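The structure under discussion appears below in the form of structure tokens.
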Amino acid sequence: MQMREAAEKLLFSSTLEEKLLLAPAAVSDDMPGRAVRLPDTPGRPDELRMVAKGLKADFPGVHRLNDDAERGKMLHFLANHELLAAELMALVLLKFPEAPKDYRAGVYEAMREEQMHTLMYLRRMKECGIYFGELPVNDYFWKLIAPMETPMDFVTRLNLTFEQANLDFSKHYAGLFRQVGDTGTAVVLEKIYQDEIGHVGHGVKWFRKWKANGETDWQAFGKSLSFPLAPAKAKGIAPFNAEGRRLAGLDEDFISHLEVCEQSRGRTPVVHWFNPSAEGYAMPAGRQYMPNKSERALTEDLEMLILAWSKKEDIALLRKPPGRDHLAFLKKVGFELPEIFAVDEGGFHKELQDRKLGGLRPWAWSPDATTTLSQYAENVTKASLWKWRDDTPAEFFSKEIGSRLERKLGLSEGSGVFCRTLEEVMTELSKGLEKGDILMKAAYACAGRGHRKVCQGTAADTLRPWIEKVLLAHGGLIVEPWLERIVDFSSLYEIGMEDGSSEAVAKWAGMTRMENDAAGKFLGTIVNAKWGSDLDSDLREFLFREREVTQFYRRTLPKILPEVLPGYIGPVGVDAMVFRNSDGGYGLRHIVELNVRMTMGRVALELYKKLPTSAVSGRVGSFRILRKNKLSEDDLLTLKGGDIHKDPIVINNPNHATKFLAVWQFID
């Protein structure tokens, strides 16, 4: 028999019996014939015709594997994949008759093995009471692989993507089936696993022959795939199996890169962008704003914080990705990673130009984010809450918005006055200095920068040059009494839309305790499973009983925030403080600042939520931003531990960071 005849019978036959009649081991390939045109679908009996909405992968956990119906449904899905693989291999033989004889011989042998795999699954399905064709089958593999234009396309799409992913799946589920006593199915999967190693190995051999000179396997693999395929699809929905890949001939560089790469599986990804200099771009002269060296370092060093508020299915646009070793470290300690795209300063990545997106989520919708993300605006699904938008009103980034919220709520305890003119500032400064020390804050200052303490007795006129400079750049500043800080905290919210409603709703996300210095400069955040439980009893009495903070921050504020921030959708943080009042007791400044963006407090809260349950279990966590040049070599060594339960964990790569390190640690 000719190889072509066997391939034609498998691809075009309309009965399952003919398709699965095992092709002879020995065939001739001296009459390969002309290349066939791509058929719309392979020949199939009516009950096995593929549809776009066919059965999807829903692999049961070990607790459901004893259920015959669940097991049969999974086997039905897998049998279709094995049959499709055989049909695609037949298509390769018919579509590329001029391919090297050795390559074609390897594909033919793999085709026969796929026929055998299908038959093995059918026998196990029958024992579960499921017959092939009684459930709809999907055309996913066919749509992605059949349009191949070269044998290299087939190698990268089937051998190195879907069959490589099966190295994870078949090994893992073989173990699970043995665990529940189903040795029959376990044996089938173990056989498929061994054959799959050979199929991937055959692909690796020819991939290396055909790839461009000078490229690593990983580089060539990434370039060879186009959306919706991506390297991450070469991992199964199962534990990563590095050993199986080594047996197939993949090198350590390829394996280590693949282990840490991610891509959305089903949910349309949301794109995240880190732009912590939002206040600078939003200020009156912001269109010409140029971050200084420290601000640029903050952006580049800490952009990996995106992993806190992104999901595994999302995309993080990074100017300087942290490297695969650090990504592997983060995965090892328990963090799920988003898909990472290396982009230029303008946030550009070619692959995203044609990719459907579920939304855009920058740190803040300041002018820089609006400009950067505009290139992806048309890619966002119409139903998304996270569409591209014009700049958030500049005043939302100003200290003025916090003062506005205070006034709306009728709060005055410890509060200040927002001033726009030199005359207003000098008046408030003179009145304030009669009573005590004063704190002045530039309108668009952030994280304690742009603050100035003025001690009682200081001549107000000596401050005139600084005030004029701030007013020119910021358009305003706030003058408030200097308060003796007892504890700083943040209440965190997410403003969105209720299903079926056109009204914005603010939902409370949680509370964190801030670590600030005496001037209010941010040092870090403390997160507890039950906020306030780590405070002194007298502070808890003051906050929860006397001032009823639960009622205020969880019920009162969410009703007001959408009114104060009309049209805004996104994260919001309200900073507050307990201070020592003039009679020695406690005072509460309910609204110190209103941050209309992501905040470090929200980052800390989301990191806490993403950590493995075994690590958290009600413990107290600390998130801090450290200056690298303040740390000794011994300090840096302690930050390289790998046990999330007891070691400090550096979120960004300490070897790449120039100035700042973001560190998480449990402190109880």
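Each reported figure results from applying straightforward, stated rules to the coordinates on display, with no laboratory input. Quantities reported herein were computed from a predicted structural model and do not represent experimental measurements. Because the Cβ atoms are built from the backbone with ideal geometry, glycine has one as well, and the counts that use them run over all protein chains shown.
Data table
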item	result
Radius of gyration and Dmax over the Cα atoms of the stretch 415-481, both given in Å	10.6, 29
Of Tyr376, Leu639, Leu258, farthest towards positive along the dipole that unit charges on Lys, Arg, Asp, Glu beta carbons give the chain	Tyr376
Extension reserve of the Lys469-Ala212 stretch, reckoned as 0.36 nm per residue once the Cα distance is removed	86.7 nm
Amide H within-cut-off set for Phe666, under 5 Å, with H built and near neighbours excluded	Ser622
Ratio Rg/Rh [Cα only; Rh per Kirkwood] for the stretch 170-329	1.11
Placed amide H near Val380: partners under 5 Å, 5+ positions off or other chain	Leu357
Förster radius 25 Å - calculated FRET efficiency between Glu413 and Glu515 (Cβ-Cβ, nearest 0.05)	0.65
Net lengthening on full extension, Lys387/Gln551 (0.36 nm per residue, minus Cα-Cα)	55.8 nm
Mean Cβ neighbour count within 10 Å, used as a protection proxy, ranking 13-26, 639-652 highest first	639-652, 13-26
Förster-model FRET efficiency, 25 Å R0, Gln288 and Glu378, C-beta, rounded to 0.05	0.30
In the stretch 1-157, lysine pairs closer than 18 Å at Cα, eight or more apart or cross-chain	8
Share antiparallel - DSSP beta bridges, the chain, percent rounded to 5	80
Listed peptides 213-224, 478-489 by packing density, highest first (mean Cβ within 10 Å)	478-489, 213-224
Cα long-axis angle, helix 3-12 against the chain (0 to 90 degrees, to the nearest 10)	60
Sites Glu295 and Glu423 - FRET efficiency at Förster radius 41 Å, r taken between beta-carbons, to 0.05	0.85
Most to least packed among 610-617, 157-164 [average Cβ atoms within 10 Å]	157-164, 610-617
Leading residue at positive end of dipole, the chain (Cβ point charges), from Ala615, Val650, Leu330	Val650
222 nm mean residue ellipticity, helices alone, for the chain (DSSP H n ≥ 4; -39,500 (n - 2.57); rounded to 500)	-11000 deg cm²/dmol
Lysine pairs with alpha-carbon atoms under 24 Å apart, the stretch 321-458, spacing 8 or more or separate chains	15
Debye, to nearest 20: dipole size of the chain, +1 on Lys, Arg Cβ, -1 on Asp, Glu Cβ	400
